[in-house]
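Worksheet for the structure shown next.
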Amino acid sequence: MKLKIVYFGSSLAGKSTNIKHLYSILKEKNMVKGELVTVETEENRTLFVEMFISSINLFGIDLEIKLLTTPGQFRLHPLRKAIMKGVDGLVFVVDSSAERERINFLVMRETAAVLKEMGEDLLNFPVVVQYNKRDLPDAMDIDTMEMMYNPWGTDYVEAVAIEGKGVLETFTKIVKNVLISKNAKDRVI
């Protein structure tokens, strides 16, 4: 089975850091096909990161997974739209810093609009929320962030992606949620 999972969130939330740490973890286990691809702007901001995972067996299912990040900058909306095409599941990487509260919300709202344009409803889509940067002194408390950024009531992971904390757990949870969603859709059809 082939899956496409996209990590979205505001600029500097830790999307690329997540994928880079996950790449290192899975490369040690010979579970990565090809190299990690990172495309950056002239300002050294990440446009997107792409990674392929082949021959991974999770939950008893052989999978090939393509992971991508979206750019966090709002001016790159058309690129975000192109990256989201054909997505099976999303990881919402939330910057836990109190000063990033509004930008996190705006990114969630814009992602919902992109999915709607593609005929999908964000509230009925496989998502895992990752509360990143839990080590920051101004990190918001989890209960507040859950009310603001998890309208799905879905799984969430507390993370410090720069240290690799929560990275593998987030990945495993989103794959599980996508597989559950696909299984439920198959039974309805």
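The values are calculated or read from the model by the stated rules, or taken from the named source; none is laboratory data. Remember, it's a predicted structure, so these values are computed and weren't measured experimentally. Note that each Cβ is placed from the backbone with ideal geometry, even for glycine, and that neighbours are counted across all protein chains shown. Ligands, DNA and RNA are stripped out before the accessible areas are found, and what is left, the full protein with its side chains, is counted by its heavy atoms. Shrake-Rupley method; radii C 1.70, N 1.55, O 1.52, S 1.80 Å.
Name every residue in region 116-175 that is loosely packed, with under 14 Cβ neighbours inside 10 Å and at positive phi, in order of residue number.
Passing the criteria: 119, 153.
Any chance you could count how many residues in region 81-115 are of a type in the set (D, E, K, R) and buried (at least 21 other Cβ atoms within 10 Å of the Cβ)?
3
Out of region 58-80, which residues are open to solvent by less than 60 Å² (accessible area, probe 1.4 Å) and without any contact (Cβ under 8 Å) to a residue 60 or more places away in the chain?
Of everything in region 58-80, those that are open to solvent by less than 60 Å² (accessible area, probe 1.4 Å) and without any contact (Cβ under 8 Å) to a residue 60 or more places away in the chain turn out to be 76, 77, 79.
Check 153, 119 and return the single one that is in a loop (DSSP other than H, G, I, E, B), within 22 Å of residue 59 (Cβ to Cβ) and not polar (S, T, N, Q).
None of the other options fit; the residue is 153.
Among the residues of region 12-31, which ones are out of contact with any strand residue (DSSP E or B) (no Cβ under 6 Å at 6 or more places or on another chain) and at pLDDT below 85?
29, 30
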